[in-house]
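The values are calculated or read from the model by the stated rules, or taken from the named source; none is laboratory data. The shown structure was predicted, so the numbers you read here are calculated from the model rather than taken from an experiment. Note: ideal-geometry Cβ built from the backbone for every residue, glycine included; neighbour counts use all protein chains shown.
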Amino acid sequence: MKVLVMYADEFSYQPAEKNLEEAEERTDGAFYSDSIIAFIQVEESDEQYDVKSREKKLVNHLKWSARKNGCKNIVLHSFAHLSNSKASAGFTHEVLNEAQKRLQNGGYKAAQTPFGYFLDLNIKAPGHSLARIWAEL
């Protein structure tokens, strides 16, 4: 799994184009402030593990990133552009859904961007050392 985390003063999206046929229809956008935005690529090799172990590793990294940036808001975004290897859409979506639940149970405000869509994004991110963190989990 590869993850690019950005701390954002402001982040918003609007669905632009559906790219996964089975994705539910979405036209609503959203706006977040003072948030960690996690661009997540679940890879094919992640499927050799169970969902629980993958989401736990992801959540631990996101909580660490949120603590370092002093925020409690985390947005999960499936971003299949960090590697040539891709897990199945079903496995990826399950990892993100379980990660969101674990974060919420841990006192974080967690959300996801629409799964299966290309999005128009607006990001206002400060330029300090821990505002952008890349990891291979």
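Mind counting the residues in segment 16-35 that are within 21 Å of Glu94 (Cβ to Cβ) and either assigned to a strand (DSSP E or B) or of a type in the set (Phe, Trp, Tyr) (or both)? Count: 1. Got at least one residue in segment 58-66 being modelled with pLDDT under 95 and either within 22 Å of Tyr117 (Cα to Cα) or of a type in the set (Asp, Glu) (or both)? No, segment 58-66 has no match at all. The set of residues in segment 66-82 being more than 15 Å from the chain's Cα centre (by Cα), surrounded by fewer than 17 Cβ atoms within 10 Å (Cβ to Cβ) and not in a helix (DSSP H, G or I) consists of Gly70 alone.
Lys101: at pLDDT 90 or above, over 15 Å from the mean Cα position of the chain (by Cα) and assigned to a helix (DSSP H, G or I), yes or no? So Lys101 does not fit the description; no. Does segment 111-129 include one or more residues that are more than 16 Å from Ser35 (Cα to Cα) and of a type in the set (Val, Ile, Thr)? No, segment 111-129 contains no residue that is more than 16 Å from Ser35 (Cα to Cα) and of a type in the set (Val, Ile, Thr).
Evaluated against (1) in contact with an Asp or Glu (Cβ under 8 Å, 6 or more places away or on another chain); (2) crowded, with 16+ Cβ neighbours inside 10 Å; (3) closer than 24 Å to Ile123 by Cβ, Val51 falls short on exactly one condition, (3).
The condition of being surrounded by fewer than 20 Cβ atoms within 10 Å (Cβ to Cβ) and touching a residue at least 12 places away in the same chain (Cβ under 8 Å) holds for only one of Leu20, Leu62, Leu58, that being Leu20. The condition of being within 17 Å of Leu137 (Cα to Cα) and surrounded by fewer than 16 Cβ atoms within 10 Å (Cβ to Cβ) does not hold for Asp46. Of all the listed residues (Lys56, Lys63), the sole one being among the basic types (Lys, Arg), assigned to a helix (DSSP H, G or I) and touching a Gly at 6+ places or on another chain (Cβ under 9 Å) is Lys63.
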